[in-house]
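Undergrad: Shown below is the structure under consideration.
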Amino acid sequence: MSMTITEKILSKSSGRKTVQPGENIWLNVDVLMTHDVCGPPTIAIWKREFGKDAKIWDKSKLVIFPDHYIFTKNPQANRNVDILRQFASEYKVDNYYDVGTERYKGVCHIALAEEGYNVPGTVLFGTDSHTCTSGAFGMFSTGVGNTDAAFILGTGKIWEKVPESLKFTFDGQLPAYITAKDLILQVLGDITTDGGTYCALEFDGEGVFSLSIDERMTLTNMAIEGGAMNGIIAADSVTEAYVKERTNKPYEIFHSDADAKYKKIFRYDVAKMEPHVAKPHSPDNLDTVRNVQGTKLTKCYIGSCTGGKLSDYQAAAKIIFGNKVKVPTFIVPASTQIAKQLEVETISGVSLRQIFENAGAEVAQSSCAACLGGPSDTIGRATDGEVVISTTNRNFPGRMGSKKSAVYLASPLTVAASSLTGVITDPRDFL
Amino acid sequence: MEKIIKGKAYVLGNNIDTDQIIPAEHLVYSLTDPEELKKYGHFALSSVPPAQAGLPQGNIPFIKGENYLSEFNIVIGGSNFGCGSSREHAPFALQVAGVKAVIAESYARIFYRNCVDGGFLLPYETPVKLTEQIKTGDELELNVHDNILKDITTGSIYILRSLGDILPIIEAGDIFKYARQSGMIA
Ligand code: SF4
């Protein structure tokens, strides 16, 4: 029977020969990831259910990244990190990346990739909706709540409904002014925020396979904004090279069969794509940058698991180099490794970090920061009346801090161009 | 499981995301401390834009003053209810506020799973656009046995979709109870 890549991975994980969309199956989980917001309640449920002798099903498969509320004075937020620290030491969890140490990484989805937890053909669950990011590695990955995570923590198993797949084929090579963010905003505009509910979004085509791993992760990261269970890109030589540098775990590469069944197939010619924004207050509120250019801004934000990767800063720095920002601009690298790379990577001998600082932008420490608003002392947080353009993934009311603010989502190129003018600006004006 | 759920309706629109249900800044409180967890009830639905809060009229607070319990315990939603983040704090916050069931046209996957696997509340789907028929404050009676919703205020009766596949988990109480009953875990 012909199957999609998602169906093949789920078959393997459930120990079956085949699976079909709509079937409820039990999966064997390869990696469980959690963080400071959902880790403590997950641990509490696990203890409640499995008692004082509760055992972690497989410690080597549990990964904990504190990342959401890190650089804050909020006592309850800090208490959550304390709970994780204590849990990790009590249960000897090696894959714990503590705040305030050399091991601290930053945003979980990017850290999973950097630390070699993303392995083609495997199944990863995380207590975070953007866990779908890891699908860029030809694996099945999805978000769950605390109860499901606690169940996995004790059993290594979880039920899932096999999703139908939607396929998005991107033909051609991306023009210099288009990034993966423009592609995914187009997809979301087309399918809307619930067009992918209980579905897998599969991305392929020359436009996708010519992208770096960073850029591929932007596509799969926002699958959840279409309501999808997972986003997925088959692994290729680019993936293999990235993975081999970071882990020696065995991997298996799956491809969709040529006659696999899709709920719907979408085809795009990337050469014809326009720089896009998602207007307030929804990631599917698509428009072209040209249509909203001139909109006055109070803040620019380049960060998060969606838009705070090295490739995002390389793109932004191209435009910002030698210029000054006109509105407060925040650079929040997703991970500490990316923060280090900002000091190493250069354009004409100037480090990316220097380029941003010379322009007057503020480079902050790695964490989720204002992507989700966070406690009131969070850097870059939106306040009442603000109009923000951001490389993040959600612009729901209140998402970045105030329900009386308006957030536009855009590519790092568009946000960089806008930071230099103080109004929404098409990156082609600077390239 | 209660077979008959009675209560007042609180009507919301489409795409009610988890940031509106419980804003991120409040995710820091303990979910187990019996006093502290009341804050989740207090801040439930606090980021819904006022004009959309309590339709069709709007500007009806879900929680009044310093309370953590709402006078409304059946939430009526449009499509894609609970989209956004995976925070289980969302169905939990609604439960703490006294919500017993949500009846929406469709749900985001993670919110739906959380409601069921955590045993927080019943996520019913409606084939009819109830948001255009039921008003905030209407007295409702939900018969879980027959999947029938009565609007006592208007006298209308609606047939909801059956809970389907997930009914065994709902009937057991949560995923752990289900797994114990079926012998998956000890
Ligand atoms: S950066 Fe934003 S979207 Fe990514 S994990 Fe953190 S809060 Fe979630």
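Undergrad: Give me the log10 of I(q) over I(0) for the stretch A:347-431 at q = 0.20 Å⁻¹, as the Debye formula computes it from C-alpha points; what are the numbers?
TA: The Cα Debye sum returns log10 ratios of -1.01.
Undergrad: Run the accessible area of the stretch B:4-181 with a 1.4 Å probe and give the carbon-and-sulfur part as a rounded percent.
TA: C and S fraction of accessible area: 49 percent.
Undergrad: What range in chain A is the longest one free of trypsin sites (Lys or Arg not before Pro) that are in a loop by DSSP and have at most 10 other Cβ atoms within 10 angstrom?
TA: Working: sites that count: A:Lys17, A:Lys52, A:Lys73, A:Lys92.
Answer from the scan: A:93-431.
Undergrad: So which chymotrypsin sites (Phe, Trp or Tyr not before Pro) in the stretch A:82-187 are both in a DSSP loop and have at most 16 other Cβ atoms within 10 Å of their Cβ?
TA: Hits after loop and neighbour filter: A:Tyr91.
Undergrad: Something else: Could you tell me, in Å, what Rg and Dmax come out for the Cα atoms of the stretch A:299-371?
TA: 10.8, 31
Undergrad: Could I ask something else about it? With just the Cα atoms defining each centre, how far is the stretch B:161-183 from the stretch A:1-57? Give it in Å.
TA: Here the two parts' Cα centres lie 17 Å apart.
Undergrad: How charged is the neighbourhood of B:Arg113? Take every other residue with its Cβ under 10 Å from the Cβ of B:Arg113, and add Lys/Arg as +1 and Asp/Glu as -1.
TA: Residues close to B:Arg113 contribute a combined charge of -2.
Undergrad: Let me ask something else. Using only C-alpha positions, report the orientation-averaged shadow area of the convex hull of the stretch A:232-325, nm², one decimal. The partial results should precede the final answer.
TA: Details: hull surface 41.8 nm².
Reported value for the Cα convex hull: 10.4 nm².
Undergrad: Please work out the ratio of the alpha-carbon Rg of the stretch B:46-87 to 2.2 N^0.38 Å and round it to two decimals.
TA: Expressed relative to 2.2 N^0.38 Å, the Cα Rg reads 1.26.
Undergrad: Please give the direction-averaged projected area of the C-alpha convex hull for chain B, in square nanometres with one decimal. Present the calculation step by step, with values, prior to reporting the outcome.
TA: Details: hull surface 41.2 nm².
Its Cα hull, projected and averaged over all orientations, spans 10.3 nm².
Undergrad: Could you list the residues of the stretch A:211-248 with an amide nitrogen less than 20 Å from a label point located 7 Å from the Cα of B:Arg161 in the Cα-to-C-beta direction?
TA: A:224-230
Undergrad: So how far apart, in nm, are the two label points at A:Lys263 and A:Thr288 if each is 7 Å from Cα heading toward Cβ?
TA: It is 3.0 nm.
Undergrad: Are there any residues in the stretch A:190-217 with a reduction of at least 20 Å² in accessible surface when going from the isolated chain to the assembly of protein chains? Probe 1.4 Å, please list them by number.
TA: A:Thr193, A:Asp194, A:Thr197, A:Tyr198
Undergrad: For A:Pro283, what is the net charge nearby, where nearby means another residue's Cβ is under 14 Å from its Cβ and Lys, Arg count +1, Asp, Glu -1?
TA: -4
Undergrad: Hey, what does the equivalent ellipsoid look like for the stretch B:84-186, semi-axes from the Cα gyration tensor as sqrt of 5 times each eigenvalue, largest first, whole Å?
TA: 26, 16, 12
Undergrad: Dividing the convex hull volume of the Cα atoms of the stretch A:276-429 by its residue count, what figure in Å³ per residue is obtained?
TA: It is 87 Å³ per residue.
Undergrad: While we're on this one: Could you sort out which of B:Lys64/B:Lys150; A:Lys52/B:Lys6; A:Lys47/A:Lys105 sit more than 31 Å apart by Cα distance in this structure?
TA: Violating the 31 Å Cα-Cα cut-off are A:Lys52/B:Lys6.
Undergrad: Same structure, new question: Check each residue of the stretch B:107-131 and keep those whose accessible area, probe 1.4 Å, is at least 40 Å² smaller with all protein chains in place than in the chain alone; give them in order of residue number.
TA: Buried on complex formation: B:Arg109, B:Ile110, B:Arg113.
Undergrad: What helices does chain A hold that run 18 Å or longer along their axis, going by alpha-carbon atoms, with a Kyte-Doolittle average of 0.0 or more, using DSSP H for the helix calls?
TA: Span-like helices in chain A: none at all.
Undergrad: Can you tell me the Rg and the Dmax, both Å, for the Cα atoms in the protein assembly as shown?
TA: Over the protein assembly as shown's Cα set, Rg and Dmax evaluate to 23.1, 75 Å.
Undergrad: Per DSSP H run of n ≥ 4, the term is -39500 (n - 2.57); total these for chain B, divide by its residue number, and report the mean residue ellipticity at 222 nm rounded to 500 deg cm²/dmol.
TA: -5000 deg cm²/dmol
Undergrad: Would you calculate a helix-derived [θ] at 222 nm for chain A, using -39,500 (n - 2.57) for each DSSP H run of n ≥ 4 and dividing by the full residue count, to the nearest 500?
TA: -9000 deg cm²/dmol
Undergrad: Another one. On a C-alpha basis, how far is the centre of the stretch A:186-202 from the centre of the stretch B:85-148 in Å? Whole number, if you could?
TA: Value for the Cα centre distance between the two parts: 23 Å.
Undergrad: Now for a different question. Net charge within 11 Å of B:Asn147 by Cβ-Cβ distance, Lys/Arg positive one each and Asp/Glu negative one each, not counting B:Asn147 itself? Intermediate results must be reported in sequence, preceding the final value.
TA: Details: positive: B:Arg161; negative: B:Glu125, B:Asp146.
Within the 11 Å Cβ shell, the charges total -1.
Undergrad: Still on this model: Round to a whole angstrom and tell me the spacing of the C-alpha centers of the stretch B:40-83 and the stretch A:342-403.
TA: A separation of 31 Å, based on Cα centres.
The values are calculated or read from the model by the stated rules, or taken from the named source; none is laboratory data. Keep in mind that this is a model prediction, so the values were computed, not measured. Glycine also receives a Cβ, built like all others from the backbone with ideal geometry; neighbour counts cover every protein chain displayed. To get the accessible areas, we keep the full protein, side chains included, count just its heavy atoms, and leave off ligands, DNA and RNA. Shrake-Rupley method; radii C 1.70, N 1.55, O 1.52, S 1.80 Å.
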